[in-house]
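Have a look at the structure below before the remarks.
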């Protein structure tokens, strides 16, 4: 274990780094670091101190990023397909072309926003997937009620299982988007120098 003398020999940058990551160190070391920071009169106002919970959320969000990127890649592909389809629709279907082009462009902009970690895109992802979850839950309940009426109808059971799986997937995506949104908010607070006491 490190001694107080070794803590006192650390550079200003090292002390401030330890201060910002207090949850990674034992309480005794944090006390020594605090004393040395006060002795050197170092300014800690611009340092955001992350809690253990925030670090765990950041790690969770990091693992969610790959799945969200995969979903975003699918949305980008769908957007490109809609734009491509709009380009090759017949000239008589002007309204359908415009709707396809607008929807495709919107999906592309949204996918790029999520990929870049823009807060508006992550927040809208939470909202969209929460709404999809609510609709999926409704379909799950309706399918469950239909099972009571039809008995052992295989098609009704398949529909019920599909509804349950869809609800689980959309719930997971909503939670992942929310974790990434929270992580982005924490990083934003850190850049602004908001201090946690």
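The values are calculated or read from the model by the stated rules, or taken from the named source; none is laboratory data. Since the model is a prediction, treat every value here as computed from it, not as a measurement. Cβ placement follows ideal geometry from the backbone for every residue including glycine, while neighbour counts extend to all protein chains displayed.
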- How many residues does the range 1-59 hold that are surrounded by 17 or more Cβ atoms within 10 Å (Cβ to Cβ) and over 20 Å from residue 183 (Cβ atoms)? 11
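A quick yes/no check of all residues on (1) assigned to a helix (DSSP H, G or I); (2) assigned by TED's automatic domain parsing to the domain that holds residue 178; (3) at pLDDT below 85:
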| position | (1), (2), (3) |
| --- | --- |
| 69 | yes, yes, yes |
| 82 | yes, yes, yes |
| 109 | yes, yes, no |
| 114 | yes, yes, yes |
| 117 | no, yes, yes |
| 124 | yes, yes, no |
| 136 | yes, yes, no |
| 148 | yes, yes, yes |
| 161 | yes, yes, no |
- Message: Looking at residue 92 and the list (1) at pLDDT below 75; (2) in contact with a helix residue (DSSP H, G or I) (Cβ under 8 Å, 6 or more places away or on another chain), which single condition is not satisfied?
- Response: (2)
